[in-house]
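> Please find one structure pasted underneath; my questions will follow.
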Amino acid sequence: MVSRASASSARCLVAAVALAALSLFAASSLIHADPLEIESGLISGTVVDEQAGVRAYKGIPFAAPPVGDLRWKPPQPAKPWKGERACIEYGPACPQTDIMWTILGEKKPEKLDEDCLYLNVWTPAKSADDKLPVMVWIHGGGFTLGWSYQRDYDGTALARKGVVLVTTNYRLGAFGFLGHPLLSKESERGVSGNYGFLDQIAALRWVRDNIAAFGGNPDCVTIFGESAGGSSVNFLCVSPLAKGLFHRAISESGGYTYWKMEHLRETSPAGESAEAMGESLAKKLVGDETGDVLAALRAAPAEKLVSFAGIDTEYRFSPAVDGWVLPDYPAIMYENGLQHDVPLILGTNADEGTMFAMMIPYKTVEEHLAAVKDEYGEYADEIMALYPADEPGDIRDAFIEHFADTTFIAPTRAMVRAMDKVSSNAYLYQFTRKSQAMPAMGAYHSMEIAYAFDNVDESKVNEVDLKLSDTMSTYWVQFAKTGDPNGNGLPEWPAYETASDQHLELGETIQVGSGLRKETCDVLDSIIANRYSKFKDSK
């Protein structure tokens, strides 16, 4: 007689064998692409669209694993390999909290690991001589979340339109943006933090040095990103280390509000310095360590570091002004015309703030007013006039509008106006197509991504969305090819001029508008200028 335990073990064994066979069949059913030679060695990929000739190469290491002694070090070159490396699976995502997949319904990444510096390439090129335009996507997630292969980031559709598409990971949270005096001391540049930002720059250098093998043109590279990825685009546009690595830029819902940005060593309008925050985090992580603090920090489990990057902690992780990677506050650099002189597309969504309504920290009108006074001081009355909340039911709408204007719309408007100081054209948009699946969210933050990638879910949209997706992605590709989004069959998109203040509305209809949130932004610009001038005078 067979015991229950033995029967159960047998069933498990059969299931395991079946699963292994299925996996083997799936792997063998892939259409493998011819291997390519890059600096680190031979790689192979897969054909993802046989008719269009699109091939994908996934999980390509662009830097050495940033683990052990390389935790909190600038990215180092990837170690060459012998033989052929199969690049048919995505690399691990940087360790992070589970907020993205629990709140946004995003599928959880298969692997989370500090060894995360991988990128992916989709190419339709028939040979290395094609020299197609290159687009490099930088994901968002508040510099603490996200990865290079989220559901909307598949590059097949854009590759079909004639570009080589790259998506990349970078270090997040404390792994990517921890400043600390001891880390600065051991650095030959005397700085710390910005490791995730340096990863993005390393990925662009990899593109410069390797993309020709995929049929891409290293002299025609467009960077684009959304949210923190859009902010990264804005920062790359003023970082001396990124100069010459790209030739056009697209910032989707980026923003770059300088009074909320950290400085490495100085107290900033955002609060204490990045180094001071790092010291505080280190004390919580390793206690009153009197020996080798950096060794203790580098030995700390990844799970511990992830716990400091939640939405309810006092720690902020993002690029900081350090005098090297970011010489000054980006807003100040744009105002002074110090941005790289490259064509630019930038814009926002009509309902950016709805996704962040869960962050409202107060419930009563009195609490709301107290929060505004605490944040704005002598300017509180002006803010309350812009965003009135006389009843508890008004608080949500006031918060949503204020958050959208101050985090995204006003900074984007300031940035596009600053492009008057360089020769390249800029193009402003607002995405207004409301979600059909979640009407209450409207044209919410990040909704435009699927349209820009031409990846809208056909089961959840109608002909309006399919046409908008095709048009928007065509604008993006045309811009990558020429530096101008306009082309045959596309509605005209005027270059931005401060005097006319025109933008393109991307929505149920595609049309030119002007004066986007002008009156409100004018007031906010005045408040921002006054606050920042007082901050500078107090230093």
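> With respect to residue 288, determine if the residue is over 21 Å from residue 67 (Cα atoms), of a type in the set (D, E, K, R) and in contact (Cβ under 8 Å) with a residue 40 or more places away in the chain. Give the derivation first.
Details: over 21 Å from residue 67 (Cα atoms): yes; of a type in the set (D, E, K, R): yes; in contact (Cβ under 8 Å) with a residue 40 or more places away in the chain: no.
Considered against the rule, which asks whether it is over 21 Å from residue 67 (Cα atoms), of a type in the set (D, E, K, R) and in contact (Cβ under 8 Å) with a residue 40 or more places away in the chain, residue 288 comes out as no.
> Have a look at 238, 191 and point out the one that is touching a residue at least 12 places away in the same chain (Cβ under 8 Å), farther than 23 Å from residue 529 by Cβ and β-branched (Val, Ile, Thr).
191
> Within segment 472-503, restricting attention to residues that are of a type in the set (D, E, K, R) and under 18 Å from residue 432 (Cα atoms), which residue is surrounded by the most Cβ atoms within 10 Å (Cβ to Cβ)?
Ranking the candidates gives 501 first.
> Could you identify the single residue in 474, 520 that is within 24 Å of residue 161 (Cβ to Cβ), part of a helix (DSSP H, G or I) and of a type in the set (Ser, Thr, Tyr)? Lay out the reasoning, then the answer.
Details: 520 fails: within 24 Å of residue 161 (Cβ to Cβ).
Unique residue meeting the criteria: 474.
> Report yes if residue 105 is modelled with pLDDT under 80, on the phi > 0 side of the Ramachandran plot and not polar (S, T, N, Q), otherwise no.
Against the criterion (modelled with pLDDT under 80, on the phi > 0 side of the Ramachandran plot and not polar (S, T, N, Q)), residue 105 qualifies.
> Identify all residues within segment 182-205 that are surrounded by 17 or more Cβ atoms within 10 Å (Cβ to Cβ) and in a loop (DSSP other than H, G, I, E, B); write none if there are none.
Answer for segment 182-205, where residues must be surrounded by 17 or more Cβ atoms within 10 Å (Cβ to Cβ) and in a loop (DSSP other than H, G, I, E, B): 191, 192, 193, 194.
> So which strands (runs of 3 or more DSSP E) stay within segment 38-131 end to end and still have 3 or more residues that are farther than 25 Å from residue 241 by Cβ and in contact (Cβ under 8 Å) with a residue 12 or more places away in the chain?
41-44, 46-49, 54-61, 84-86
> Of all residues in segment 223-261, which are in contact with a strand residue (DSSP E or B) (Cβ under 7 Å, 6 or more places away or on another chain) and of a type in the set (Phe, Trp, Tyr)?
Of everything in segment 223-261, those that are in contact with a strand residue (DSSP E or B) (Cβ under 7 Å, 6 or more places away or on another chain) and of a type in the set (Phe, Trp, Tyr) turn out to be 224, 246.
> Is it true that residue 245 is in a loop (DSSP other than H, G, I, E, B) and modelled with pLDDT of 95 or more? I'd like the intermediate steps shown before the answer.
Numbers: in a loop (DSSP other than H, G, I, E, B): yes; modelled with pLDDT of 95 or more: yes.
Criteria met by residue 245.
> Something else: I'd like the full set of residues that are under 18 Å from the mean Cα position of the chain (by Cα) and among the hydrophobic types (A, V, I, L, M, F, W, C), limited to segment 343-355.
344, 345, 346, 355
> Let me ask something additional. Taking the options 308, 317, name whichever one is in a helix (DSSP H, G or I), touching a residue at least 12 places away in the same chain (Cβ under 8 Å) and surrounded by 15 or more Cβ atoms within 10 Å (Cβ to Cβ).
308
> Looking only at residues in segment 346-385 that are of a type in the set (Asp, Glu) and assigned to a helix (DSSP H, G or I), which one is nearest to residue 427 (Cα to Cα)?
352
> Condition first: of a type in the set (Lys, Arg) and more than 21 Å from the chain's Cα centre (by Cα). Now tell me which residues in segment 141-194 satisfy that.
Those that are of a type in the set (Lys, Arg) and more than 21 Å from the chain's Cα centre (by Cα): 160, 161, 185, 189.
> Here is a list: 454, 484. Which entry is farther than 20 Å from residue 139 by Cα, assigned to a loop (DSSP other than H, G, I, E, B) and modelled with pLDDT of 95 or more?
Result of the check over 454, 484: 484.
> I'd like the full set of residues that are of a type in the set (A, V, I, L, M) and more than 19 Å from the chain's Cα centre (by Cα), limited to segment 307-342.
So the first thing to find is which residues in segment 307-342 are of a type in the set (A, V, I, L, M), and the list is 309, 311, 320-321, 325-326, 331-333, 338, 342.
Result: 332, 333, 338, 342.
> Please work out if residue 224 is under 17 Å from the mean Cα position of the chain (by Cα), not β-branched (Val, Ile, Thr) and not in a helix (DSSP H, G or I).
When the stated conditions are applied, residue 224 passes them.
> Next question. Looking only at segment 393-438, how many residues end up being among the aliphatic types (A, V, I, L, M), part of a loop (DSSP other than H, G, I, E, B) and in contact (Cβ under 8 Å) with a residue 40 or more places away in the chain?
1
> Now, a different point. Return only the number of the condition from (1) buried (at least 22 other Cβ atoms within 10 Å of the Cβ); (2) over 15 Å from the mean Cα position of the chain (by Cα); (3) under 16 Å from residue 38 (Cβ atoms) that residue 128 does not satisfy.
(1)
> Can you tell me which residues in segment 495-515 are free of Cβ contacts under 8 Å to residues at least 24 places away in the same chain and in a loop (DSSP other than H, G, I, E, B)?
499, 500, 501, 509, 515, listed by residue number.
> Condition test on residue 99, is it within 26 Å of the chain's Cα centre (by Cα), under 22 Å from residue 141 (Cβ atoms), of a type outside the set (D, E, K, R) and at pLDDT 95 or above?
On the way: within 26 Å of the chain's Cα centre (by Cα): yes; under 22 Å from residue 141 (Cβ atoms): yes; of a type outside the set (D, E, K, R): yes; at pLDDT 95 or above: no.
Spelling it out, it is not the case that residue 99 is within 26 Å of the chain's Cα centre (by Cα), under 22 Å from residue 141 (Cβ atoms), of a type outside the set (D, E, K, R) and at pLDDT 95 or above.
> Okay, moving on. State all residues of segment 162-181 that are crowded, with 17+ Cβ neighbours inside 10 Å and farther than 15 Å from residue 278 by Cβ; if no residue qualifies, say none.
Result: 163, 164, 165, 166, 167, 168, 169, 170, 172.
> Residue 376 versus (1) free of Cβ contacts under 8 Å to residues at least 60 places away in the same chain; (2) closer than 30 Å to residue 440 by Cβ: which is the lone unmet condition?
Every condition holds for residue 376 apart from (1).
> Now a separate question. Could you tell me whether any residue of segment 207-217 is surrounded by fewer than 22 Cβ atoms within 10 Å (Cβ to Cβ), without any contact (Cβ under 8 Å) to a residue 40 or more places away in the chain, basic (Lys, Arg) and outside any strand (DSSP E or B)?
The answer is yes, given that some residue of segment 207-217 is surrounded by fewer than 22 Cβ atoms within 10 Å (Cβ to Cβ), without any contact (Cβ under 8 Å) to a residue 40 or more places away in the chain, basic (Lys, Arg) and outside any strand (DSSP E or B).
The values are calculated or read from the model by the stated rules, or taken from the named source; none is laboratory data. All values reported here derive from a predicted model rather than from experimental measurement. Because the Cβ atoms are built from the backbone with ideal geometry, glycine has one as well, and the counts that use them run over all protein chains shown.
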